[in-house]
Amino acid sequence: GQQVMQIPQYQHVQEGEDFTTYCNSSTTLSNIQWYKQRPGGHPVFLIQLVKSGEVKKQKRLTFQFGEAKKNSSLHITATQTTDVGTYFCAGPGGSQGNLIFGKGTKLSVKP
Amino acid sequence: DSGVTQTPKHLITATGQRVTLRCSPRSGDLSVYWYQQSLDQGLQFLIQYYNGEERAKGNILERFSAQQFPDLHSELNLSSLELGDSALYFCASSAGGGYTYEQYFGPGTRLTVT
């Protein structure tokens, strides 16, 4: 079935360093969504990308969708302790309407 | 607060038992999804309902079943529980049934099977 692979699984950074997580699919994705789950919390929707080569920014977060719509990335500039959590990408699971989530990248930030 | 409510927050039960998890979607949302999240694991999609009908099925065990009622709340029934069923179960809702709709997650039900 449809799968989205996410790397790395874990990332430890010093506060102020940049962070990037990557999401890859073997098939073309019509859209991709990103979610953040804080420790002890529930996933929260961040953004959706639908166009080839699309780039969207939210303050220090930059989201990109690849030209072939098979990969996506989330880049955080100058991480802060509030960025701690697990970041998930999610793509269409099939023809029905569900999303398939990647395994996530767990980000820890050392002050 | 996402507007999605789940009860109970915590559930501790023994192997072989049956439990029911309940979810109320955001007001106006027609679609409900159930996910299982084990320790340090991703979100495993279980099942989706849209306006009372089953829409999509993921890796849901035969011991598990779900339904969505006319008032759009949903229940996930887990039976013949095993130790490996211990996990966090999330419900999410969205306005529509397609995968372009953002999903709003509830706080989850933490199930512990002893």
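The values are calculated or read from the model by the stated rules, or taken from the named source; none is laboratory data. Given the structure is predicted, the values throughout are model-derived calculations rather than measurements. Here Cβ is always computed from backbone atoms with ideal geometry, including for glycine, and neighbour counts include all displayed protein chains.
Count, please, the residues in the stretch A:40-53 that happen to be farther than 21 Å from A:G93 by Cβ and modelled with pLDDT of 95 or more.
Selection size over the stretch A:40-53: 2.
What number of residues within the stretch A:24-52 satisfy the criterion of being at the interface with chain B (Cβ under 8 Å from one of its Cβ atoms), assigned to a loop (DSSP other than H, G, I, E, B) and under 21 Å from A:Q96 (Cα atoms)?
So the answer is 3.
Any idea which residue in the stretch B:90-114 is modelled with the lowest pLDDT, counting only those that are more than 11 Å from every other protein chain (Cβ to nearest Cβ) and under 28 Å from A:S30 (Cβ atoms)?
The residue in question is B:A95.
Only one of (1) under 24 Å from B:S38 (Cα atoms); (2) within 14 Å of chain B (Cβ to nearest Cβ); (3) out of contact with any Gly (no Cβ under 9 Å at 6 or more places or on another chain) is not met by A:D83, so which one is it?
The single condition A:D83 does not satisfy is (2).
Inside the stretch B:11-114, counting only strands (runs of 3 or more DSSP E) that do not spill past its ends, which hold 3 or more residues that are under 12 Å from the mean Cα position of the chain (by Cα), crowded, with 21+ Cβ neighbours inside 10 Å and aromatic (F, W, Y)?
Fully inside the stretch B:11-114 and qualifying: B:31-37.
Restricting attention to the stretch A:58-100, which residues are at pLDDT below 95 and of a type outside the set (G, A, S)?
Listed by number, the residues that qualify are A:P92, A:Q96, A:N98, A:L99, A:I100.
From the list A:T62, A:T82, A:T86, A:T20, exactly one residue is assigned to a helix (DSSP H, G or I) and either without any contact (Cβ under 8 Å) to a residue 60 or more places away in the chain or in contact with a Leu (Cβ under 9 Å, 6 or more places away or on another chain) (or both). Which is it?
Going through A:T62, A:T82, A:T86, A:T20 in turn, just one is assigned to a helix (DSSP H, G or I) and either without any contact (Cβ under 8 Å) to a residue 60 or more places away in the chain or in contact with a Leu (Cβ under 9 Å, 6 or more places away or on another chain) (or both): A:T82.
Cβ-Cβ distance below 7 Å, separation of 6 or more or different chains: which pairs start in the stretch B:42-71 with a residue that is farther than 20 Å from A:K103 by Cα and aliphatic (A, V, I, L, M) and end on one that is surrounded by fewer than 19 Cβ atoms within 10 Å (Cβ to Cβ) and at pLDDT 95 or above?
Matching pairs, first to second residue: B:A66/B:E75; B:A66/B:N77.
When the residues of the stretch A:37-57 are narrowed to those that are surrounded by fewer than 12 Cβ atoms within 10 Å (Cβ to Cβ) and within 30 Å of B:T109 (Cβ to Cβ), which ends up farthest from the chain's Cα centre (by Cα)?
Checking each candidate, the answer is A:G40.
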